[in-house]
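What follows is a single structure, written as structure tokens, with notes after it.
We did not get these values from a lab; they are worked out from the coordinates using the rules stated. Keep in mind that what you see is a predicted model, and the values were worked out from it rather than measured. FYI the Cβ positions are ideal-geometry reconstructions off the backbone, even for glycines, and counts take in every protein chain you see.
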Amino acid sequence: MLAPAGRDARLAEAVLQEAGIAARICPDVAQFVAALNHEPAVALLTEHALTAELRRQLHAWLETQPLWSDLPLVVLAGHPPSLEGKRQLAAVLAELGNVTVIERPMHSETLVSTVRAALRARGRQHQARELLSQLEEAIRERDRFLAILSHELRNPLGAIRNATEVLSRRITSQPQSQQPLAIVDRQTRHLARLVDDLLDVARVSTGKIALRKATCELGELIERAARQLESAISQGGLRLRTRFARRPIMLDADPVRIEQVISNLLTNAVKYTPAGGTIDVIVDVDAHQAVVRVVDSGVGIAPDMLGSVFNMFVQADRSLDRAQGGMGIGLTLVRLLVELHGGHVAATSAGPGRGSEFTITLPLAPAATDTPAETAPAEASTRRHVLLVEDSVDNREMLQALLEMDGHRVDTAADGFEAVEQGVALRPDVAIIDIGLPGIDGYEVAQRLRASLGQGIRLVALTGYGQPEDRAKAKKAGFNVHLIKPVGLPELEAALQA
């Protein structure tokens, strides 16, 4: 309570204490503002106490409060307040938010009732805080679970993918075996992508993803995404048509994420377009933004589903055949990534059986002389001496076989202590190190190898942990490259040849 003049504070204190409500009187503004930091339930003050300085300090304090907090303020108005006085008081109080005004003369019961109502409201705020805290902890638990789940899924996926590649190379003379191997490889990649999408949604929605922007050409990103889906489009008996603007469309964007957006939209179109259908990608410029439309002749979307197709885990029942499956997160990720770039996404459909159209808009890059960097020609593969550190026997043996097929000399270690011993003794060119190892983990292995061998060794983390904090931790430990299982051989070879 703050009442700098008269007996208001003492009288109010007596009335509240008689009603069983604890109250503290602050003799001046400084002590009143300081007391706010001790989380009072209600602040009570007189109209005369609301000086310009107090209003400024109150406003500043309210700005620092968490979202759940809305401190109730009870103000005792003038005696009696005139109409003009009421208007002036209303203007003063408007900026303070949660204010209740008691006009004098008043009965003591009015004061007690008003304060009790404010106490109940404050109690509900604290309950909301507890619920919010529990929700935040649940989200953290979810993210921890997803990180562990991704690691546990990526390990077997890596072994399957490497084994498929080994078999493909060994039985090149048996064409009838190539189709089932291609199916295994394609479905392994699909599983890995589902894991990545699930984690990306969690990261983007909690603000844990950072864009790596660069000047990039939109048409090239679309062509790259389309090439990844050539096999699925062909097998589905579909026809993909593209129509680009006459001039290059430059974006200031994260090229990997924009390619991911286009790929997800195309994957969605392939999933819901029957054989013989068409998918059109139309790219144009409208004012200061790029416009990409992905139009399919597929099964369409019911009107009542159009407003929710971008929501997490929502799947419109757009086909009686659910063999294509999916988790309902691809379009959610599209929306989140596009909005992160300052763009917008929308879906339209004339109804079931009449196709769908998804449109994204993205800001154009500011006019600049920068041009996309040309990719340097690939250097001829150089044979390396590689130390492969992996505790999973299947992953270790299959990756060793692949590396040796490419002409590399490979030594292996199955735990952290053996890795350090082998690395110091053999002094390899490159060490490919799993993070989750028996003995000491991969971070400790990297630190010890870097301390012993300096910059004379290239350290590559090959792991199922792919959160941004995992990459940062790997860099801090001395790794040059952070690769996520299952890794493609071109990406792994690039890490060896760098």
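The Stokes-Einstein estimate for the chain, based on a Kirkwood radius over Cα pairs and taken at 20 °C with 1.002 mPa s viscosity, is a diffusion coefficient of 76 µm²/s. When the trypsin sites (Lys or Arg not before Pro) in the stretch 1-75 are filtered for DSSP coil states and for at most 15 other beta-carbon atoms within 10 Å of their beta-carbon, the remaining sites are 7, 24.
Where in the stretch 422-441 does the amide nitrogen come within less than 13 Å of the point 7 Å from the Cα of residue 409, taken along Cα to Cβ? Under cut-off, by backbone N: 426-430. In this structure the amide hydrogen of residue 44, modeled in the peptide plane, comes within under 5 Å of the amide hydrogens of 2, 74, none closer than 5 places in sequence on its chain. Using the Cβ-Cβ distance between residue 339 and residue 90 with R0 set to 22 Å, the FRET efficiency works out to roughly 0.05.
Histogrammed with a bin width of 10 Å, the alpha carbon distances of the stretch 218-363 distribute as 12, 45, 36, 8, 0 percent, first bin at zero.
Fully extending the segment from residue 367 to residue 224 would add 49.1 nm, taking 0.36 nm per residue of separation and subtracting the current Cα-Cα distance. Averaging 1/r over every pair of different alpha carbons in the stretch 8-106 and inverting the result gives a Kirkwood radius of 14.3 Å. Between residue 385 and residue 39, the simple label model (points 7 Å from Cα in the Cβ direction) yields a spacing of 6.1 nm. FRET efficiency for the pair residue 55 and residue 124, taken as 1/(1 + (r/R0)^6) with r the Cβ-Cβ distance and R0 = 35 Å, rounds to 0.85. If R0 equals 25 Å, the separation of the Cβ atoms of residue 194 and residue 235 corresponds to a calculated FRET efficiency of about 0.85. The alpha carbons of the stretch 395-475 occupy a box of 34, 26, 23 Å along the principal axes, longest dimension given first. Using a cutoff of 8 angstrom between alpha carbon atoms and counting only pairs six or more residues apart, the relative contact order for the chain works out to 10 percent.
What is the fewest-to-most order of 329, 148 by other Cβ atoms lying within 10 Å of their Cβ? Please list the in-between numbers first.
Working: 329 21, 148 12.
Going from least to most buried by this count: 148, 329.
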